[in-house]
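Notes for the one structure printed next.
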Amino acid sequence: MRVLVTGGAGYIGSHTLLELMAQGHEVCVVDNYCNASPEVLVRIRSLSNGTLVDHIGDVRDSVKLDDIMDGFQPEAVIHFAGLKAVGESQERPLHYYDINVSGTLCLLRAMDRIGCRKIVFSSSATVYGVPKYLPYDEAHPTNPTSVYGRSKLMVEQILTDWTAAQDDTTAVLLRYFNPVGAHASGQIGEDPSDIPNNLMPYIAQVAIGKRDALTVFGDDYDTADGTGLRDYIHVVDLARAHVAALGYADKATGARAFNVGTGQSYSVLDMVAAFERTSGKTIPTKVAARRDGDIAAMQADATRAKHELKWVTEHNLDDMTSSTWVWQSGNPNGYKS
Ligand code: NAD
Ligand code: UFG
């Protein structure tokens with residue numbers, strides 16, 4: 001299939017490009033590089049012989065998008081491009097709605113113009129908000145607690161309305177849990193441009209000596225060790241869920257949401273212990289107050305994805321931490337290494 005990948009130079013997009021090309025899909029990337037390095041595509045090309053074209057462009061630039069669509073004629077789009085920092089989204093709501101929501105509207109108009117009928121969208125488990133029960137299934141009520149989460153839910157609603165209005169369209173809404181880990185080559189991984197917000201890249205930077213200690217945000221949650229529980233998923237498993245989603249979109253119509261997680265959860269201290277075990281490094285920790293907006297526990301019920309996407313995870317916790325360490329130790333300065 002010819003697949004246009006917005007935000008394909010980012011963390012999840014880059015891993016997905018490799019999986020798509022491995023399955024023989026032709027890919028075209030559009031990315032404005034606001035949170036990515038052009039070095040990513042250099043490395044992807046060295047790891048794969050697949051067909052990859054790329055364009056520097058913003059998804060809000062309709063003229064550019066029309067041009068790219070006319071040239072590539074995608075049969076499907078995977079839409080990663082967007083902003084993802086929860087804290088920043090509270091400070092810059094209009095910027096987040098502009099890129100995440102208006103950006104998607106521009107993309108859909110450009111797709112409609114050339115008759116492209118299938119989209120796979122990067123949604124998030126954050127659309128559920130405070131759990132009424134766990135694990136979350138897709139029927140769990142949605143009540144996001146941040147601007148970021150609301151922008152994802154708005155796009156899900158827009159895509160649902162888009163498919164309702166045209167019966168040959170498909171929108172696969174992938175609700176990611178917590179992606180971590182890196183490609184087995186050690187060449188592709190997560191490269192935060194600033195101080196990492198997320199747990200795993202922060203631990204990796206402590207291990208490499210860039211940061212002194214991990215701050216554990218709260219050890220007084222109602223969990224076994226008092227720290228937050230999350231459903232961490234290896235980024236390569238997540239990337240493969242996109243390939244599975246394309247297969248599903250080829251046969252189905254309408255909008256459908258899928259949880260993309262492992263169905264298991266680990267605490268902050270579990271993650272530290274696993275990282276220490278697989279890297280041989282000691283990770284000093286200090287406990288601080290809970291982080292604003294954090295919840296105690298999140299966990300996916302991924303049964304729907306297993307049955308309908310025919311997708312299951314293949315990597316375990318040690319694969320997640322060891323691949324992160326191989327990437328971080330081989331690339332201490334990320335793509336600038
Ligand atoms: P990322 O920042 O690494 O990738 C996003 C990519 O989109 C970057 O390459 C960035 O340069 C590009 N981009 C941003 N705005 C753009 C625009 N206006 N036009 C063109 N390109 C633009 O993030 P990621 O972790 O790979 O996440 C990908 C998607 O998955 C995002 O939509 C994110 O919200 C969603 N998601 C991520 C997580 C996570 O924990 N990483 C969890 C749930 C959902
Ligand atoms: N944590 C720490 N110290 C840190 C960073 C995180 O203790 O320095 C803790 C958090 O309090 C939480 C856990 O580690 O208990 C995971 O935190 P992350 O920031 O890595 O991930 P979140 O679950 O907060 O959010 C992530 C993405 C969101 C996405 C969500 C989906 O950042 O964009 O997963 O589940 F929506």
Give all pairs with beta carbons closer than 7 Å in which a residue from the stretch 26-42 that is among the charged types (D, E, K, R) meets a residue that is in a loop (DSSP other than H, G, I, E, B) and away from ligand 2 (no atom under 16 Å from the Cβ); count only pairs at least 6 apart in sequence or on separate chains.
Glu26/Thr51; Asp31/Gly8; Asp31/Ala9
Per the list (1) surrounded by fewer than 20 Cβ atoms within 10 Å (Cβ to Cβ); (2) more than 10 Å from ligand 2 (Cβ to nearest atom); (3) hydrophobic (A, V, I, L, M, F, W, C), residue check on Ile195 breaks on (2)
Do any residues in the stretch 7-21 that are part of a loop (DSSP other than H, G, I, E, B) have Cβ atoms under 8 Å from those of residues that are more than 8 Å from ligand 1 (Cβ to nearest atom) and among the small types (Gly, Ala, Ser), where the two are at least six apart or on different chains, and which pairs are they?
Ala9/Ser37
Would you check which residues across the stretch 25-57 are within 11 Å of ligand 1 (Cβ to nearest atom) and either farther than 20 Å from Arg2 by Cα or assigned to a helix (DSSP H, G or I) (or both) and list them?
Asn32, Tyr33, Cys34, Asn35, Ala36, Ser37, Pro38, Val40, Leu41
Give me a count of the residues in the stretch 208-229 that are at positive phi and either without any contact (Cβ under 8 Å) to a residue 60 or more places away in the chain or touching a Cys at 6+ places or on another chain (Cβ under 9 Å) (or both).
2
Would you please name the residue that is farthest from the chain's Cα centre (by Cα), looking only at residues in the stretch 251-306 that are more than 10 Å from ligand 2 (Cβ to nearest atom) and aromatic (Phe, Trp, Tyr)?
Phe275
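Residue-wise test of (1) more than 19 Å from the chain's Cα centre (by Cα); (2) buried (at least 20 other Cβ atoms within 10 Å of the Cβ).
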position	(1), (2)
Ala9	no, yes
Glu19	no, yes
Val29	no, yes
Tyr33	no, no
Ser37	no, no
Val40	no, yes
Arg45	yes, no
Can you tell me which residue among Ile203, Ile195 is more than 23 Å from Leu246 (Cα to Cα), away from ligand 1 (no atom under 12 Å from the Cβ) and either in contact with a Phe, Trp or Tyr (Cβ under 6 Å, 6 or more places away or on another chain) or part of a strand (DSSP E or B) (or both)?
Ile203
What's the number of the condition Ile56 fails, among (1) buried (at least 17 other Cβ atoms within 10 Å of the Cβ); (2) under 16 Å from Gly82 (Cα atoms); (3) of a type in the set (Val, Ile, Thr)?
(1)
State which residue is surrounded by the fewest Cβ atoms within 10 Å (Cβ to Cβ) when the search covers only the stretch 219-250 and only residues that are hydroxyl-bearing (Ser, Thr, Tyr) and within 16 Å of ligand 2 (Cβ to nearest atom).
Thr223
When you scan the stretch 224-337 for strands (runs of 3 or more DSSP E) that lie fully inside it, which ones turn up with 1 or more residues that are under 24 Å from Tyr148 (Cα atoms)?
232-234, 254-260
Members of the stretch 160-182 found to be away from ligand 1 (no atom under 13 Å from the Cβ) and either in contact with a helix residue (DSSP H, G or I) (Cβ under 9 Å, 6 or more places away or on another chain) or at pLDDT 95 or above (or both), listed by number
Thr160, Asp161, Trp162, Thr163, Ala164, Ala165, Gln166, Asp168, Thr169, Thr170, Ala171, Val172
Considering only the stretch 161-171, state which residues are in contact with a Leu (Cβ under 8 Å, 6 or more places away or on another chain) and either assigned to a strand (DSSP E or B) or more than 21 Å from Gly247 (Cα to Cα) (or both).
Ala171
Boolean, Leu65 is of a type in the set (A, V, I, L, M, F, W, C), within 10 Å of ligand 1 (Cβ to nearest atom) and either assigned to a loop (DSSP other than H, G, I, E, B) or under 22 Å from Asp250 (Cα atoms) (or both)
no
Is there any pair with a first residue in the stretch 83-100 that is free of Cβ contacts under 8 Å to residues at least 24 places away in the same chain and a second that is part of a helix (DSSP H, G or I) and surrounded by 15 or more Cβ atoms within 10 Å (Cβ to Cβ) whose Cβ atoms are under 6 Å apart and which are 6 or more apart or on different chains, and what are they?
none
Out of the residues in the stretch 163-180 that are of a type in the set (A, V, I, L, M) and under 17 Å from the mean Cα position of the chain (by Cα), state the one that is nearest to Val235 (Cα to Cα).
Val180
Cβ-Cβ distance below 7 Å, separation of 6 or more or different chains: which pairs start in the stretch 195-207 with a residue that is farther than 13 Å from Ala85 by Cα and end on one that is near ligand 1 (Cβ under 10 Å from one of its atoms)?
Met200/Val180; Pro201/Glu190; Pro201/Pro192
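The values are calculated or read from the model by the stated rules, or taken from the named source; none is laboratory data. Everything quoted here is computed from the prediction, not taken from an experiment. Here the Cβ is made from the backbone with ideal geometry for all residues, glycine too, and neighbour counts use every protein chain on show.
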